[in-house]
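The block underneath contains the structure these notes are about, expressed in structure tokens.
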Amino acid sequence: MEVSKYEIIDELYNVLKDRRINPVEGSYTNYLFNKGLDKILKKIGEESCEVVIAGKNNIKEDTIAEISDLFYHVMVLMCSQDISTDDILDELKKRSTKIANQKPDRKPIEVV
Ligand SMILES: N=c1c2ncn([C@@H]3O[C@H](COP(=O)(O)OP(=O)(O)OP(=O)(O)O)[C@@H](O)[C@H]3O)c2ncn1[C@@H]1O[C@H](COP(=O)(O)O)[C@@H](O)[C@H]1O
């Protein structure tokens, strides 16, 4: 069954988790897991730089591609450290009450 684009992040995370348990020959994810944390972090550093360069060049499709690469590598890190997509969504949800530059748990200033 085809997953919708709204489910793709969870789907990708599940594929990465599955690669950890059931390695697949030729899998790039398994290559990263086998190389270990330093390699995963190095890739995140590289991909981050590529996002910066693409953003600076201001070519939307290149920036989308580089952000997607970064997303994937960050998810490999999350998976390797048992950080779930829910952990991130919960954190973002907590921050959604943030207004301007206030701390999230601070009561918003009443606008009169
Ligand atoms: N989303 C991605 C994804 N994004 C980027 N990449 C890989 O990330 C690598 C980045 O390219 P680089 O040129 O920077 O790196 P490289 O030269 O290939 O390798 P190194 O620098 O790491 O030695 C490429 O090999 C891409 O194929 C990805 N590989 C896998 N996925 C997803 O992960 C799933 C499982 O993939 P496998 O683990 O390969 O089966 C796939 O179905 C996809 O959904």
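Please go through the residue pairs Lys5/Lys43; Lys60/Lys93; Lys17/Lys43; Lys35/Lys60; Lys17/Lys42; Lys5/Lys56 and name each one whose alpha carbons sit more than 29 Å apart in this structure. Walk me through the numbers on the way to the answer.
On the way: Lys5/Lys43 25 Å; Lys60/Lys93 27 Å; Lys17/Lys43 19 Å; Lys35/Lys60 32 Å; Lys17/Lys42 20 Å; Lys5/Lys56 27 Å.
Cα-Cα > 29 Å for Lys35/Lys60; rest within.
Counting only heavy atoms of the protein chains and using a 1.4 Å probe, Arg95 has close to 130 Å² of accessible surface. Note on the chain: with charges restricted to the Cβ of Lys and Arg (+1) and Asp and Glu (-1), its dipole about the Cα centre is near 520 debye.
Here the sum of -39500 (n - 2.57) over DSSP H runs of 4 or more residues, divided by the residues of the chain, equals -22000 deg cm²/dmol at 222 nm, to the nearest 500.
By definition, a body whose alpha carbon gyration tensor gives a ≥ b ≥ c is oblate when a/c is 1.5 or more and a/b is not larger than b/c, and the stretch 7-48 fits this oblate description.
Summed over the residues of the chain and divided among them, the accessible surface reaches 79 Å² per residue at a probe radius of 1.4 Å.
The values are calculated or read from the model by the stated rules, or taken from the named source; none is laboratory data. In this text, all values refer to a predicted model and were calculated from it rather than measured experimentally. As a convention, Cβ positions derive from the backbone with ideal geometry for all residues, glycine included, and neighbour counts pool all protein chains shown. Surface accessibility is based on the protein's heavy atoms, side chains included, excluding ligands, DNA and RNA. Shrake-Rupley method; radii C 1.70, N 1.55, O 1.52, S 1.80 Å.
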